[in-house]
1. Kindly list the number of the only condition in (1) free of Cβ contacts under 8 Å to residues at least 24 places away in the same chain; (2) surrounded by 16 or more Cβ atoms within 10 Å (Cβ to Cβ) that fails for B:Thr327.
2. Filter the range A:48-77 down to residues that are in a helix (DSSP H, G or I) and surrounded by 12 or more Cβ atoms within 10 Å (Cβ to Cβ), then give me how many there are.
3. Name the one entry in A:Asp110, A:Asp116 that is more than 13 Å from A:Thr68 (Cα to Cα), in the same structural domain as A:Ile48 (by TED's automatic domain parsing), in contact with a helix residue (DSSP H, G or I) (Cβ under 9 Å, 6 or more places away or on another chain) and assigned to a helix (DSSP H, G or I).
4. Within the range A:285-295, can one find any residue that is over 30 Å from A:Cys187 (Cβ atoms) and either among the hydrophobic types (A, V, I, L, M, F, W, C) or at pLDDT 90 or above (or both)?
5. Going by the structure shown, is A:Ala313 over 30 Å from A:Ile231 (Cα atoms), within 14 Å of chain B (Cβ to nearest Cβ), in contact with a helix residue (DSSP H, G or I) (Cβ under 9 Å, 6 or more places away or on another chain) and surrounded by 20 or more Cβ atoms within 10 Å (Cβ to Cβ)?
6. When you check B:Leu177 against the structure, is it over 17 Å from the mean Cα position of the chain (by Cα) and not β-branched (Val, Ile, Thr), yes or no?
7. Condition (residue is of a type in the set (Ser, Thr, Tyr), assigned to a helix (DSSP H, G or I) and touching a residue at least 12 places away in the same chain (Cβ under 8 Å)) applied to the range B:333-351: is it met by at least one residue?
8. Name the helices (runs of 4 or more DSSP H) wholly within the range B:173-273 that hold at least 3 residues that are out of contact with any Pro (no Cβ under 6 Å at 6 or more places or on another chain) and buried (at least 16 other Cβ atoms within 10 Å of the Cβ)?
Amino acid sequence: MFNNKKDKKNEQSTNNQQELQEPTKHYTKSELKQTLDTRTKEEFVNLIKDKVSSPADFIVKNINDEITIIYIENLIEVQSLNDNIISTLQSISEPTPQLIKEKLSLAQVDISNKLDVIIYELIGGAALIHTKENADIVVAKISSYQSRSLSAPENESQVIGTQVGFNENLTTNISLIRRFIKSPNLCNENFEVGEDTVTSISLLYLKGTASEEQVNTIRQRIESLDVSGLIDSAILAELIDDSTKTVFPQMLLTERPDRFCDGLLSGKIGIMMNGSSMGIVTPIAFIEFFHSKEDQNLRWQIGTMLRLLRFSAIIASVFLTPIYVAALTYHYEIISHTLIVPLSESRAIVPFPPILEALFLELIIELLREAGSRLPTKVGQTVGIVGGIVIGTAAVDAGITSNILIIFVALSALASFTTPNYVMANIIRFLRFPIIILAGIWGFLGIMIAVCFLLIHLLRLSSLGAPYLSPLYPLRLKDLPNSLIRLPLSNISRQAVNTRKGDDESTNQENNEKVSE
Amino acid sequence: MSQAIQSKQYEKINAFLVFFIICGCQIGVGIHGFQRVIYKDAKQDAWLSVVLSFILAHIVVFVMFKTLEKFDNLDIYGIQREVFGKILGSFLNFVYVIYCTFAFFAVLKNYIEVVNTWVFPYVNPQFIAIAILLLIVYAVTAGFRVVIGISFFSFFFLLWIPPLLIYPLYFTNINYLLPIMEDIIGILKGAYSMSFTIVGFEILNIVYPYIKDKEKKSAEKYAHFGLLFTFFIYIIIMLITLMYFSGPQLERVIWATLTIFNLIEFPFVERIEIITICAWLLIILPNLCLYLWAAYRGVSSVYNLEIKRFTWIFISIIFIITFFIKTRTQINTMNNYFGKIAFIVVFIYPFILFIFASIKKRRKKGTGDTS
C-alpha cells in the first residue's frame, strides 16, 4: 500500500533553499503550480489574496511606489518586520529582488517566482516583497513561534534523569536533540505531510549506525502518506505501522528527549512532528515498552530488580483475575484447603458466577480510571474517594463481590500502572477482558489458549521489519543484557542488534515483500 | 530434476535452534503415560529401556545426518525422489505425509483425551479440537519462523517441570528398582514400546535444509544435545515413577506422570496436574505445528499448494477424523498402531534410506567419472 509513489526521492535535502524549489506537497496542483509573470502591484496583490481565500488578517503594505509587502498579520513577528525589513526597504532606491535579498539583514530570505512556493511561505509566516514589474518575489521568513516553554515530562516522569520533555515546537525539539547528540552524523530529513495541515516531519537517525534499509523503508512510508491532515504523532505512528490489525503498537511514542536520543544512539530511527510533543522511535521491540530510562540511570542491580518487578507485575496484571475466575468456576480442587475456607466465606453471599463478578469489578476499576483521567485535577480527587468507598466496602457489604476478588482486581490494576509507557499500559489492561471471558468459558485451558494465541500473535509481529519479540526470539545474546534485566553498562552493546546492518536474520526482506503487495 | 529447497535467506535458522526443535517435537503427549506401557514389557528395568531407546535414537540421528549431508539442500522428500526415482519416491513421500498426519492426529487426540479425563469431563472434545486447530492455523500460516519461535518458547515452559519432581521423591522406595537387568528380552521389548513416546526427532529430515548453510555442521551437535535433554526428562520421570508405584499399581495407572503430579501440594495450590495439563497445550503446540509443516513440505513437493489453503484442508481432514476415534480403547489401539508405524518410519527406515542413498551416490559418482 505504501508503494504507490512512483519516484522515490533518495536524497532529500535538509537545506531550506532546496526545499523551496521542490516543495513536497502540492495542494490543488494544477492551479497553484505555475510561474508568475511580470505583474503590476494590484494584479499581484489580487492574485495572492484570491489564492489564500482573502483572510481578514491579510495585510498589504506599500513602502513606496515600487515596493509592496504582503503578509498575514498573525503569523509574523512585527518587531522583525519593522526593524529588519521596512527600515531597510525604505533606504533602497533602485529595488531589484536581488538587491533586496542582499540588503535585508535576515537569515532566511529567498527569491522565487513560483506561485505555490510563495503561497505556502506566506501562510507559513513569511512576508512577500513585490518589486515593480518583477516576476521574482522576495520571500522573507519572519514567522513568529508561539510555543509552550519546556517543562518536565508529565506522562513519563522519573526521579533521576533529565527533567525536560519535548514541547509542541519542532524547532525546539530538534534543538533539544541536537544538544544531546552533537554528531555530524545526525541526519535530519524534512517531509511535509497532509494536504491541509502541511505538517513538517523530521526524520532523524545517525548515519552509519541506523540501518540504511530501515531508513529507506520509513522514508518511503512517510512519502507515500496520503492524508488531508495530521495533528499528532500518535496518528502518524499508526499510519506508518507495520500492521494495523494488532492492538500492540510497533513504534514507541516518547516525550523524553533522553529516551529519544538513546534510541538514536542505538541505531534506531526517530521521527519528530511539528505540533506534537511526542517523538516516535522505531524499530522497537516488545520488551522495550516496559523499559524506563530510569532503569539505566540507577545502579544495575536496582535496575534489574525494577525491571523484573515490572515484568512480574505485568504477568500478574493480565492473569490474576482470569486465574481467580478459572479456579472458582471450574478448578476449585486446586485451591488448597487452608485457602478454601476464607474464599468460600467471602463468596457465600455473592449471587453472581465468578465471571460476572470479575467483569463487573474490572469494569468499575476501568470506569474510575477513565473518569479520573478525563476530569480536571481538582474534581479528580473526588473520583478517587468515591471509588474507594464504592469498591472498597460498599460492594462487599452489598454482597456484590467477594473481598478476595477486590484484592485481586486492585492488585492487577495497580500492577498495570507500573508499565512506563501509557499506550502499552492501556493494552495490558485491555488484554485482561478477553482472557477473563475465556477463563469463564474453559477455565485454565481457556487461559492457556489465550497465552498461546498471544505468543503466536507477538511472534508474527514485526516493527519496521525487525522481529517484535527480539532479543528473546530470535535470540540475540548481545542484546540480552539490556532486555528483561539490565547488566552493567560495560556489558550492554551500544547498538541494538535489531537495527544491525546486513542482519540476515531480520525479517526485513519478508516485510518489504509484504509492503509491496 | 532438482528438488532443492529454495528457502530464502530470512527463512534460514540458526543451528542452535535445532536443540529447541528436538525438545519441542519430542516432548508431547507420550510423557503423560509412557511408563505403564514400558513397564508391562520391562518391569522394574523399564528405565533401562528408556536408556536403550535413546542410545538407538542417537544412532538414528547420526545416520539421518549422514544421509542429509549427502544431499546438500534436500529434505527427505527430495532425497526420496532422488534416490528411488519419481514414482516410488513420490509414493514414499505420500507415506511420509500420511505418517506426519497420523502423528499430528495422535498428539491432538491424546491431548484432548487427557483434558477430557482430568479437567473437563463434559466438554465436547470436538470443541477443544476446533480451538487447538485454529491456533495451529494461526501459527503455521505465519511461516516457518513463527513455528520455530513457538518451539523455542515452549521449551522454557517445560523447565518448571523438573523442579516439581523433587516433591514426589519423599515418597519413593528405591528397592522397587531391584533387581536390575532381570530380563533382557523384556528390556528390548520395552525399548520398542518406547517408540510412541520418543519419536519427534525425525522432524530433522524436514528442518535440515532450513538451517543456515555455514552452521549445518554444528546442527548435529545440537540435535544430540536436544536428545540428551529429553532423555534427562524422561529418565527422571521414569525412575521416579518406578520408585513411587509398586508394580501392580503401575499397571493400572494410565497417566502415571499426572498421577505423580497429583501428589504435589503447596500451601496455596493443590492438584498441580490440572494446571500442568492445561499448560501442556503450549508444549504440544510445536509438536502439532512441526508435523503439519512437515506434511505441508511433502505435499508441496508434488503440488504447488499455498500454505494457507493446505492448512485449512489439513485441519478439516483432522477434524473429521476426530469424530471416528472416540473411546479410550480406540485411542489405545491407535497409539499401538502408531507406535509400530513410528518404529518402522523413525528407527528402521533411516538405515534403509542411508544404504540406498550411499549406493545411489556412489553409482552417480562412478558414471560421472566414466563419462
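The values are calculated or read from the model by the stated rules, or taken from the named source; none is laboratory data. None of the values given here were measured: they were computed from a predicted structure. No Cβ is skipped: glycine too gets one built from the backbone with ideal geometry, and neighbour counts run over all protein chains shown.
1. With (1) free of Cβ contacts under 8 Å to residues at least 24 places away in the same chain; (2) surrounded by 16 or more Cβ atoms within 10 Å (Cβ to Cβ) applied to B:Thr327, the lone miss is (2).
2. So the answer is 6.
3. Answer to the selection: A:Asp116.
4. No, every residue in the range A:285-295 fails to be over 30 Å from A:Cys187 (Cβ atoms) and either among the hydrophobic types (A, V, I, L, M, F, W, C) or at pLDDT 90 or above (or both).
5. Against the criterion (over 30 Å from A:Ile231 (Cα atoms), within 14 Å of chain B (Cβ to nearest Cβ), in contact with a helix residue (DSSP H, G or I) (Cβ under 9 Å, 6 or more places away or on another chain) and surrounded by 20 or more Cβ atoms within 10 Å (Cβ to Cβ)), A:Ala313 does not qualify.
6. Against the criterion (over 17 Å from the mean Cα position of the chain (by Cα) and not β-branched (Val, Ile, Thr)), B:Leu177 qualifies.
7. Within the range B:333-351, not a single residue is of a type in the set (Ser, Thr, Tyr), assigned to a helix (DSSP H, G or I) and touching a residue at least 12 places away in the same chain (Cβ under 8 Å).
8. B:184-193, B:195-198, B:204-207, B:216-244, B:256-263
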